[in-house]
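Heads up, the thing below is written out as structure tokens.
Taken together, the values in this text are just the output of simple stated rules run on the coordinates, not laboratory data. This is a predicted model, so every value here is computed, not measured. Virtual Cβ from ideal backbone geometry, glycine too; neighbours counted across all protein chains shown.
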Ligand SMILES: Nc1nc2c(c(=O)[nH]1)N[C@H]1C(S)=C(S)[C@@H](COP(=O)(O)O)O[C@H]1N2
Ligand SMILES: [Mo]
């Protein structure tokens, strides 16, 4: 152990590291705040995060989602901040003996942040530059000041008194970190609110010209804790690669139809919503959803029929793939034939459960294609619909090891009782949801332990594109029991018990729940 001698101009490594950590934190926090205030500036943490996401090896997404589920974004943000601050600690140590090199390292950091920041298509180059330079400047000046403070001799009135110089250094460092954290949190809140240049609030949308049929009677089974048949927007799962929710400016946002079409065109938001709007309930699901998982939901979507847009553009017969491109460059791709099938209605949706699309779910417009997993179909923050061939283009997740074509697999989930629940003997409500869009569900069956499969009651289905609720009244006897569910789709195909991981085309297997009956 070395001890600090306040009269000694040379610092110990730990003190220098603390100075570096605090300076790095302030540079980072200040940069987030500036990025929140300056229009169009890229936040360094978000920019590095996007860069990391773009480098991900196949399988990385599944790994992260397995570990932390829908908290993947938060974890990535915190990890990047931690690594950056850790590096700053190292620069602090370097600054102890080689201040010139330390400054150069901060400069390299700024150039890196600028470089990754400018990759963002939505970033404004000038403000992104200002943020990178400011971050480096704040970090460098703070580091200098903290090191000077640490080197200043303490004014200890008595030899036995605490080491005042060191206390002042530590106190200042803690205060710096506090300010850094506050700026970071405030900056991120501003960024999440939409880079100050927020999209204008949209008023009420025009009335749909084709409304969804009224919900059939018996559409909901009254079972406590069962997933509601229509998932409220606030409870709807969210999965995407966007670290910051894109908020396109409606004044400049356009939806364009391009590629292998006879008459390419583009629409403003007003033009889009002025077209005939159609309502439709559709259940969408994420391919990453594990058996029994929550990455699935059912909503009333309102939008323009994709077929109407394709007819207007005049799709060339050789165009076999429809690519949906988002404002941030994310892409999906699905067969043209899937969207053009007579018994299927894909939408460019502008509303979800009667409200303009929430920002998280793709405002101003997104694709909803019944029957396909989100990653091949459901482009949020949609900017372009391009007609091409299946051979000519692989969408975002395909080179990363996910299937090129991905219809939603037949799945069923037990919502109640929960895993590990203790329930009293007698009649126990076993209930959940089952989906196979857009083949529909014809039956759900429940198995207790090794007994036979018993039919469950189904809610009245809204359509083949939506999930149903199911209920099995179980005559439960005391002991530990294993409950298992399977669904049979509208084609009569039974949900397979052959387990598979979500990659490459969706998880297979039966959801099981262990319960204790008392
Ligand atoms: N722009 C964009 N759209 C996207 C994605 C994305 O990463 N970026 N992810 C897709 C995936 S994988 C899924 S499962 C659905 C999820 O839609 P939700 O978040 O509204 O539930 O959006 C799809 N649309
Ligand atoms: Mo997904």
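Odds and ends about this structure:
- Angle between the chain longest axis and helix 13-37 axis [Cα atoms, degrees, rounded to 10]: 50
- Look at the alpha carbon pairs under 8 Å that are at least 6 residues apart: their mean separation over the length of the stretch 248-378 gives a relative contact order of 26 percent.
- Listed peptides 360-369, 306-315, 224-233, 86-95 appear in the order 360-369, 86-95, 306-315, 224-233 once ranked by packing, highest mean of other Cβ atoms within 10 Å at the front.
- Within the chain, antiparallel bridges make up roughly 90 percent of the DSSP beta bridges whose residues both belong there.
- Computed over all pairs of different Cα atoms, the Kirkwood value for the hydrodynamic radius of the stretch 198-266 is 17.5 Å.
- The stretch 440-502 - convex hull of the alpha-carbon atoms, volume per residue in Å³: 112
- Spherically averaged projected area in nm², based on the convex hull that wraps the Cα atoms of the stretch 376-518: 10.8
- When the Cα atoms of the stretch 29-159 are aligned to their principal axes, the ranges along those axes come out at 60, 36, 26 Å in descending order.
- Take 375-381, 277-283 and order them by the average number of nearby Cβ atoms within 10 Å per residue, most first; the result is 375-381, 277-283.
- Cα-only Debye scattering, the stretch 330-396: base-10 log of I(q)/I(0) at q = 0.27 Å⁻¹: -1.29
- Value of [θ]222 nm, deg cm²/dmol, for the chain, DSSP H segments ≥ 4, -39500 (n - 2.57) each, nearest 500: -11000 deg cm²/dmol
- Residue 181/residue 252 FRET efficiency (R0 22 Å; Cβ-Cβ; nearest 0.05): 0.05
- Summary value for the stretch 472-518: 47 percent relative contact order, contacts being C-alpha pairs under 8 angstrom separated by 6+ residues.
- Added length on full extension, which subtracts the Cα-Cα distance from 0.36 nm per residue, residue 74 to residue 148: 23.1 nm
- Nearest 10 degrees, 0 to 90: helix 99-119 Cα axis against the chain principal axis: 20
- Cα centroids of the stretch 388-405 and the stretch 264-298: 20 Å apart.
- Percent RCO, i.e. relative contact order, over the chain, from Cα pairs under 8 Å lying at least 6 residues apart: 14
- Distance cut-off 31 Å, percentage of C-alpha pairs in the chain lying past it: 56
- Sorted from longest to shortest, the spans of the Cα atoms of the stretch 51-124 along the three principal axes equal 44, 29, 19 Å.
- Sorting the segments 454-461, 484-491 by their residues' average number of neighbouring beta-carbon atoms within 10 angstrom, most packed first, yields 484-491, 454-461.
- Between the Cα long axis of helix 72-97 and the first principal axis of the chain there is an angle of about 10°, rounded to the nearest 10.
- Segment residue 37-residue 312, length gained on full extension (0.36 nm per residue, minus Cα span): 94.9 nm
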